[in-house]
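First comes the structure, then the notes that go with it.
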Amino acid sequence: MNEKTLTSETVFTGSLIQVDVLQVELETGQTARRELVRHPGAVCVLLRTPDGRFAFVRQFRVGAQKEMLEVVAGLLNSGEEPEQAAHREVREETGFLLKRLTRMGNLYPTPGYVSERIVCYYGEAGEQGSRQLDPDERVEVEFFGETEMKARIRQGEIEDAKTLAAWALYQNGAAEEK
């Protein structure tokens, strides 16, 4: 299956996203309309601290209209490699420096209408310094052991897709060195 883009019109450009309306041709020759949110991409890091616990961040999310508990994550800056972004985000949000970083896979949270790709990592923290949050970021760091994290997932407290996916990848051995 494939779709050929015939036309693309940008209907919105913001500081984070761009929204395009596409006319596509299906393999049957029919045409269809698609709406696409173009996103710069992101990284997420399931971060294990030196004491064996995992570091998560709690922050208000406008899309859910509530605070959410998530893995460390952030946008890719223009021209930035995902591995660089992972190191930067861990330092900014938690203050930790990474001593090991293993790529676990890619996530497409809502590929039906958003181009966002999240590169997912497992990280082992080393030395901890001070956090370097962006001026508009309000993030609290929380630490949980594996048993407590599993309980929070079972209780429905963790609703963030990238966090659930990162945890599933980790639980299925994706963090093991290849």
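The values are calculated or read from the model by the stated rules, or taken from the named source; none is laboratory data. Quick caveat: nothing in here was measured; it's all calculated off a predicted structure. Glycine gets a Cβ as well: all are built from the backbone with ideal geometry, and neighbour counts include every protein chain shown.
So is Glu116 closer than 30 Å to Gln23 by Cβ and surrounded by 12 or more Cβ atoms within 10 Å (Cβ to Cβ) or not?
Working: closer than 30 Å to Gln23 by Cβ: yes; surrounded by 12 or more Cβ atoms within 10 Å (Cβ to Cβ): yes.
Yes; evaluated as a whole, the condition is true for this residue.
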Scan of segment 1-48 for residues that are of a type in the set (Gly, Ala, Ser) and either within 26 Å of Tyr121 (Cβ to Cβ) or within 25 Å of the chain's Cα centre (by Cα) (or both), ordered by number: Gly14, Ser15, Gly41, Ala42
Candidate set from segment 94-138 (those that are among the hydrophobic types (A, V, I, L, M, F, W, C) and without any contact (Cβ under 8 Å) to a residue 60 or more places away in the chain); member that is farthest from Glu176 (Cα to Cα): Leu133
Residue check, Asp136 of a type in the set (Asp, Glu), in the same structural domain as Val71 (by TED's automatic domain parsing), loosely packed, with under 10 Cβ neighbours inside 10 Å and closer than 23 Å to Pro82 by Cα: yes
Candidate set from segment 48-70 (those that are under 21 Å from Gly145 (Cα atoms) and among the polar types (S, T, N, Q)); member that is surrounded by the most Cβ atoms within 10 Å (Cβ to Cβ): Thr49
Residue among Gly145, Gly123 that is in contact with a strand residue (DSSP E or B) (Cβ under 6 Å, 6 or more places away or on another chain) and at negative phi: Gly123
Residue ranges of strands (runs of 3 or more DSSP E) in segment 1-77 with at least 1 members without any contact (Cβ under 8 Å) to a residue 24 or more places away in the chain, in contact with a Leu (Cβ under 9 Å, 6 or more places away or on another chain) and among the polar types (S, T, N, Q): 3-13, 18-26
